[in-house]
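S.K.: One structure, pasted below without further comment.
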Ligand SMILES: [Cu+2]
């Protein structure tokens, strides 16, 4: 009993800690989701909070009905079984009530699916390529390429970063920008995932999948390849740094990229527009075009 209490206290403590600490990475003993960093993840959390009581209620109801049948209608209590087969009222109830529940769930889930699938006009496009076993990123409008490899345990420790999650070259994105992802693979199926973004999209060779996110707060976000892809599947993590617009521009320049000339509308939310605002991205195809998948 004492032990059970202690376990319960530990779980409660972990839950409280996970609620307060804004960890954008897995946390020991945590319950629930990582804190949402994008509007899509916000909606996913809201939908989850809507769905969980419904599922819980159904489970409890079924359990209670089964328990009732076990005890009340057991053989010892009912030596002669009753032989009726139909009850119109109850049959109507157990048809109509589930239909109403399903309609309620659809009413919440279809808009969420739509929100996740339909990227708004993108401020920038990043091509993500899965490899066995690392990720490559291409900022197509800015001429920057990044290759992300896992940091060894020692390197991660030296940098004060999480083990098996940190990479040598993280993806950098500006806070508040709508980032379109074009996700593919060079060899086998991988999956690009950041839990705090609510993004999980398969990287399939010979095919381009689309995803998108808009990070709302600066931070370092971690995810892992989420499709079993081979012996080093556990060692190709994903690290995204979300920074302010000026920091992002500085980083692009450091990487030898170009800003301004062909920006697929790289500037709507924050900062000063370099030359042109958004409307005429003319030649810069990647932004609007490839939405079909
Ligand atoms: Cu993989």
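The values are calculated or read from the model by the stated rules, or taken from the named source; none is laboratory data. Quick caveat: nothing in here was measured; it's all calculated off a predicted structure. Glycine gets a Cβ as well: all are built from the backbone with ideal geometry, and neighbour counts include every protein chain shown.
S.K.: I need the full set of residues from segment 145-158 which are free of Cβ contacts under 8 Å to residues at least 12 places away in the same chain and buried (at least 17 other Cβ atoms within 10 Å of the Cβ), in order please.
M.R.: Across segment 145-158, the qualifying residue is only 156.
S.K.: Restricting to segment 228-260, name every residue that is within 16 Å of the ligand (Cβ to nearest atom) and buried (at least 18 other Cβ atoms within 10 Å of the Cβ).
M.R.: Within segment 228-260, 229, 236, 237, 238, 239 qualify.
S.K.: Still on this structure, please answer the following. Scanning segment 112-122 for residues that are within 17 Å of residue 176 (Cβ to Cβ) and surrounded by fewer than 16 Cβ atoms within 10 Å (Cβ to Cβ), which turns out nearest to the ligand (Cβ to nearest atom)?
M.R.: 120
S.K.: Then there is this: Got a number for residues in segment 132-144 being at pLDDT below 95 and within 16 Å of the ligand (Cβ to nearest atom)?
M.R.: 2
S.K.: Let me ask something additional. Just to check your reading of the model, which residue among 217, 207 is surrounded by fewer than 20 Cβ atoms within 10 Å (Cβ to Cβ), part of a loop (DSSP other than H, G, I, E, B) and either modelled with pLDDT under 95 or on the phi > 0 side of the Ramachandran plot (or both)?
M.R.: 217
S.K.: If you check 199, 179, which single one turns out to be in contact with a helix residue (DSSP H, G or I) (Cβ under 9 Å, 6 or more places away or on another chain) and on the phi < 0 side of the Ramachandran plot?
M.R.: Answer to the check: 199.
Quick grid of which residues meet (1) in contact with a strand residue (DSSP E or B) (Cβ under 6 Å, 6 or more places away or on another chain); (2) within 24 Å of residue 222 (Cα to Cα); (3) at pLDDT below 50:
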{"position": "239", "(1), (2), (3)": "yes, yes, no"}
{"position": "254", "(1), (2), (3)": "no, yes, no"}
{"position": "257", "(1), (2), (3)": "yes, no, no"}
{"position": "260", "(1), (2), (3)": "no, no, no"}
{"position": "265", "(1), (2), (3)": "no, no, yes"}
{"position": "271", "(1), (2), (3)": "no, no, yes"}
{"position": "277", "(1), (2), (3)": "no, no, yes"}
{"position": "281", "(1), (2), (3)": "no, no, yes"}
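Rundown of residues vs (1) within 16 Å of the ligand (Cβ to nearest atom); (2) more than 30 Å from residue 56 (Cα to Cα); (3) crowded, with 20+ Cβ neighbours inside 10 Å, yes/no style:
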position: 102; (1), (2), (3): no, no, no
position: 124; (1), (2), (3): no, yes, yes
position: 130; (1), (2), (3): yes, yes, yes
position: 160; (1), (2), (3): no, yes, no
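For every residue, the table says whether it meets (1) within 30 Å of residue 218 (Cβ to Cβ); (2) in the same structural domain as residue 241 (by TED's automatic domain parsing); (3) at pLDDT 95 or above.
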{"residue": "56", "(1), (2), (3)": "no, no, yes"}
{"residue": "67", "(1), (2), (3)": "no, no, yes"}
{"residue": "75", "(1), (2), (3)": "no, no, no"}
{"residue": "80", "(1), (2), (3)": "no, no, no"}
{"residue": "85", "(1), (2), (3)": "no, no, no"}
{"residue": "95", "(1), (2), (3)": "no, no, yes"}
{"residue": "102", "(1), (2), (3)": "no, no, yes"}
{"residue": "111", "(1), (2), (3)": "yes, no, no"}
